[in-house]
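The values are calculated or read from the model by the stated rules, or taken from the named source; none is laboratory data. Source: prediction; values computed, not measured. Here the Cβ positions follow ideal geometry from the backbone for every residue, glycine too, while neighbour counts run over all protein chains shown.
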Amino acid sequence: MLPLVFLSCVVAAGVVARPPPPAVEEPQAIEIDDTYIIKFKDDIPQDVIKNHTSWIQSTTKYNEDGTVSQGIRHIFSLAFDGYSAVLDKETVRQVRHSPEVSYVNTVGTSIPPKTVLTLADPAPGPQIQATNRVTDDNFNPELVQTDPYKGWNANRISHRDYKASNYVPGPYIHDGYQGQGVNVYVLDTGINLAQPGFKGSTVSHGKNFVRGTGPSDINGHGTMCAGVIAGNYAGLAPKANTTNVKIANDQDRAACDDTVAGIEWVVNQPGNNNMKVISMSQTGFTGRPDVSTAVAAAVRKGVHVVVCAGNFDVDACNTEPGNAPGAIVVGSVDAYNKFPTKMTQPEGTNVGKCVTIFAPGSKVPTLSAKNISPDYRYWAWGTSIAAPQVAALVANQLSRVGPQKPEEIRRWLVKTATKGQIVGDLRGTTMAELRRKLVIVGDGACGKTCLLIVFSKGTFPEVYVPTVFENYVADVEVDGKHVELALWDTAGQEDYDRLRPLSYPDSHVILICFAIDSPDSLDNVQEKWISEVLHFCSGLPIILVGCKKDLRFDPKTIEELHKTSQKPVTMEQGEEVKKRIGAAKYIECSAKNGDGVREVFEHATRAALTNTKGKKGSKGRKSSKCVLL
């Protein structure tokens, strides 16, 4: 393997625990009037879907600028079968009551990051010389190349020992692999191809999903992002094939349905998906899970998706697409290895367990769409400028080693990055080189969601709100190993029996839950849940969990169960069912008082790590993994 001579985005590692970031929320996505995303139910025949969409298409009308005033905007098939449309109130009512429709969501737009661009010095000043360039065991000094004036960020990325001095630039060290043969798709406000800073690079228009505008960049945000990928002055992967996919309008607002359509378009383009990289610096889709769902689907299809964490100084796990499973989520640091905040910098950074890596996000040199003179270069702030740098480094690695799965690139990225560099309060941010997926199932209202929330967020929800499907991320330390555990909640109600199996693929461990105050829920473990789990996830370790342990001796609970000649489930009954279903462990817990909660997830994580099924072994051994049949 050729040397890794350049990759060193700053990451926080080796720190587990962590008070969460302040309880501040990112602004919600802004709704677009009368515009909706409609998802069809699973297993609906295609002829029914065709008839439904034909009905909506028959109502289509356009404004003078080409925008849709009534009817379908996009049709989706990647993450789910559905469409987006502009609909009047009566049509919406009919759609909501159509038996083939699963849900109807309003379309929202991203929150403009207000990424700051300022005029940079026209000529480079004195340089700082960093030491200890980034390498791996296969480092070959004969392949080293040096670009002398790339900016402090490039100098920082290619060296482990970097001492900042007022953002002084320095040399960028690399091995000549600069994205050759890799397709990088910039999903943003467009790219101004007339910018002379792209001279010598392959930058082209791909697809414009924003009706009423041209494909070029009027706002400047997309050109800024492309500049650190393909620019001859600031670009880190100037030899990649960089493609403009316009999903955001001239006010830097991306509609979530345009964004989903853009992601689908990239996945469906010719070529090996493992050689495609999406760089998306649009965030603030909070409350619109369709974007994160599309990102996760693209990753499952093999596309490498790099997204910005956002600039609001909040927990990225509470944002879209910062919480998208499988995405590379990028936060930002300044030249002093500190988190920028809105109080100290033009832009802050979202943080937390969902952030994969941190990259330079303060005073980063790039290109402007508005002033295209070759003498003008610009500085940028924000996670919007941090993310495309990581996308460029992903492209360079693919150029070096060839097609890789997203999880392989993500693992390489974290392993090779310089760790333990961030100064000050990490605000709940950790890094783990091991990642596992846990899916939790059981009857509705048995305590699954409260268990996940208490473990991942440390608070007990006093008001019960039924959930359909939620994802959480938590860090677990077992046997000296730091593991990032993706927690997939599911809906236990019968209405979601067809949708729930979509949560199972790529899982490592299953929790089957029941409520100690509900003997019926324990019966359903044997009558329903174990058969479903064995059908879709044969061979995976199972942990049986008795929730609501605190209610076993609660007088009101005992009295209520007595009315139906029942009693709370005993420990012995739980152990007996554990043996019958072949579970690895039976654990009881109480989310309300925290008793046994951490034990549940430590045992689950250990089971996920020690499970040998599915690993390479003797000939003829069948791998064990979750599948959809």
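If you filter region 50-77 down to residues that are at pLDDT below 95, part of a loop (DSSP other than H, G, I, E, B) and under 33 Å from the mean Cα position of the chain (by Cα), you find that the one that is farthest from ILE38 (Cα to Cα) is GLY66.
Just one residue in the set ASP47, ASP88, ASP43, ASP65 is exposed (fewer than 13 other Cβ atoms within 10 Å of the Cβ) and under 19 Å from GLY108 (Cα atoms); that residue is ASP88. Just for region 264-292: of the residues that are buried (at least 24 other Cβ atoms within 10 Å of the Cβ) and over 24 Å from ASP315 (Cα atoms), which one is nearest to the chain's Cα centre (by Cα)? The residue in question is VAL277.
The condition of being in the same structural domain as GLY444 (by TED's automatic domain parsing), closer than 24 Å to ALA491 by Cα and either modelled with pLDDT under 95 or not hydroxyl-bearing (Ser, Thr, Tyr) (or both) holds for only one of GLU572, GLU599, GLU560, that being GLU599. Write out, first by first residue and then by second, each pair whose Cβ atoms fall under 6 Å of each other, whose residues are 6+ apart or on separate chains, and whose first residue, in region 212-241, is touching a residue at least 60 places away in the same chain (Cβ under 8 Å) and under 18 Å from GLN145 (Cβ atoms) while the second is among the β-branched types (Val, Ile, Thr) and part of a loop (DSSP other than H, G, I, E, B). Filtered contacts from region 212-241: ALA240/VAL182. The selection criterion, being within 20 Å of the chain's Cα centre (by Cα), on the phi < 0 side of the Ramachandran plot and without any contact (Cβ under 8 Å) to a residue 40 or more places away in the chain, holds for GLU470.
Suppose the filter is over 23 Å from PHE198 (Cα atoms), part of a loop (DSSP other than H, G, I, E, B) and of a type outside the set (Phe, Trp, Tyr); does GLY235 pass it? When the stated conditions are applied, GLY235 does not pass them.
Selection of strands (runs of 3 or more DSSP E) fully inside region 133-208 by the criterion of at least 1 residues being at pLDDT below 90 returns 145-147, 159-161, 172-174.
The residues of region 199-225 that are buried (at least 24 other Cβ atoms within 10 Å of the Cβ) and farther than 21 Å from ILE111 by Cβ amount to a single one, VAL203.
Among the residues examined, ILE247 qualifies as in contact with a Gly (Cβ under 7 Å, 6 or more places away or on another chain), of a type in the set (A, V, I, L, M) and not assigned by TED's automatic domain parsing to the domain that holds ALA79. For region 290-303, does any single residue satisfy the condition of being under 23 Å from ALA255 (Cα atoms), at pLDDT below 90 and either touching a Pro at 6+ places or on another chain (Cβ under 9 Å) or in a loop (DSSP other than H, G, I, E, B) (or both)? No: region 290-303 contains no residue that is under 23 Å from ALA255 (Cα atoms), at pLDDT below 90 and either touching a Pro at 6+ places or on another chain (Cβ under 9 Å) or in a loop (DSSP other than H, G, I, E, B) (or both).
Between VAL355, VAL394, VAL330, the distinction of being of a type in the set (Val, Ile, Thr), modelled with pLDDT of 90 or more, in contact with a helix residue (DSSP H, G or I) (Cβ under 8 Å, 6 or more places away or on another chain) and in a helix (DSSP H, G or I) belongs to VAL394 only.
Note on region 561-601: residues that are more than 16 Å from LEU522 (Cβ to Cβ) and without any contact (Cβ under 8 Å) to a residue 24 or more places away in the chain amount to 3.
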